[in-house]
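*Asks:* The structure that follows is given in the form of structure tokens.
The values are calculated or read from the model by the stated rules, or taken from the named source; none is laboratory data. Treat the numbers as computed from the prediction; the structure is a model and nothing was measured. Counting neighbours? That spans all protein chains shown, and the Cβs are built from the backbone with ideal geometry, glycine included.
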Amino acid sequence: MFETLKPQPADKILALMQMYRDDPRADKIDLGVGVYKNAEGVTPVMRAIKAAEHKLWEEQTSKAYVGLAGDPAYSDAMIKLILGDAVARGNIAAAATPGGTGAVRQAFELIKLANPSARVFVSDPTWPNHLSILKYVGIETVTYRYFDRETRGVNFDAMMEDLKGANKGDVVLLHGCCHNPTGANLNKVQWQEVIALLNERGLIPMIDIAYQGFGDGLEEDALGVRLVASSCPEVLIAASCSKNFGIYRERTGLLMAVSNDAGAQGLNQGTLAFLNRQNYSFPPDHGARLVTMILNDEALRADWAAELEETRLGMLGLRQQLADELQRLTGSDRFGFIAQHRGMFSLLGTTPELVEKMRVDNGIYMVADSRLNIAGLNAQTVPVLAMAIVDAGV
Ligand code: LMR
């Protein structure tokens, strides 16, 4: 049997991670995988996570199974964090998943189960694993134009035009905030226009929100997802705690199915539990429990929010420094978009050849599509990157 297996295409983000590890240069700079790093290049355990882990170690008396959808207290806390009061709790089914990727995978499985002929519309570009999982699950994918390679902002007219090609029942995958890989995001008016189009054409929104708190703030970053959830009849939301709680390896995510028909909640909840059972049975609990403890404890929550805010402001500072440095070196504003983008990533909008040149000449690792992870920089490496960008002729 094994001899029939074929090598699978490498995930370009993970392949880059390995190349970086194998590079012996001491001054190499990792702007690849979307993992936050502080100025010392460390991905810290957040203070509130450490405190919650300590408390959990002292207080937890059992490691018995929790439930197929995870602990309802985790769903409640996350729903409140993401949706605020936008939707009544009784209209939301939710299940814990192994990371945001687990939520994305389960959402695609649910789409396939509910409507095998639905197509999923994804932004061009999107996180490469969206495309890979969609293909693996066997769902037809259609791309909609999103990124304007001239302005490096959202090409909103083109996006709307392409979404008009979707049919009733098709799913439109949107990034809740901090678009990955571009860093270019919809504003409030654009969200409202997208919602009007979704409702007019009977399209189902699916929102992937993996960076809440990394863009304009915890509340501000939830604006789009709250508008969609309160305005569309049915919505799927895949959320991740990897980045904003810094618990990448704990695999902590949540899938929500929102319906404006409260009567659908029972069936939706049962379906989410069923999908968990088929794929991995009980979802991981450790990270979800820490998140729940933090969100439900005033002091821990305040400390977590403060550290997250420091992280966000640090990334904004690096964005501004890089844009300023490039302005100084080129005498033009053409890199001003770096300060306008939000979240961990910006798409430089250059060719794979120039990205490769910067890797070979300067030991700078960014994804071939020219996505750079702002959090991989610090005040000392910003000028090095700016010079490399200019030298490469980006
Ligand atoms: C990324 O886009 O780099 C992150 O979401 C990590 C991953 O799994 O690809």
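*Asks:* Scan (1) under 25 Å from Gly343 (Cβ atoms); (2) outside the structural domain of Asp361 (by TED's automatic domain parsing) for the single condition Thr4 breaks and write down its number.
*Replies:* Every condition holds for Thr4 apart from (1).
*Asks:* Moving to a separate point now. Can you name the number of the only condition in (1) assigned to a helix (DSSP H, G or I); (2) within 16 Å of the ligand (Cβ to nearest atom); (3) buried (at least 20 other Cβ atoms within 10 Å of the Cβ) that Gly34 fails?
*Replies:* (1)
Residue-wise test of (1) within 16 Å of the ligand (Cβ to nearest atom); (2) surrounded by 15 or more Cβ atoms within 10 Å (Cβ to Cβ).
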| position | (1), (2) |
| --- | --- |
| Met1 | no, no |
| Ile29 | yes, yes |
| Val45 | no, no |
| Trp57 | no, no |
| Leu68 | no, yes |
| Thr97 | yes, yes |
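*Asks:* Kindly evaluate Ala103 against the criterion of being touching a helix residue (DSSP H, G or I) at 6+ places or on another chain (Cβ under 9 Å) and assigned by TED's automatic domain parsing to the domain that holds Glu140.
*Replies:* So Ala103 fails the test.
*Asks:* Identify all residues within segment 351-380 that are under 29 Å from Asn244 (Cβ atoms), surrounded by fewer than 20 Cβ atoms within 10 Å (Cβ to Cβ) and in contact with an Asp or Glu (Cβ under 9 Å, 6 or more places away or on another chain); write none if there are none.
*Replies:* Within segment 351-380, Ala368, Asn378 qualify.
*Asks:* Here are some conditions: (1) in contact (Cβ under 8 Å) with a residue 24 or more places away in the chain; (2) within 16 Å of the ligand (Cβ to nearest atom). Asp170 meets all but one. Which one does it not meet?
*Replies:* The number of the failed condition is (2).
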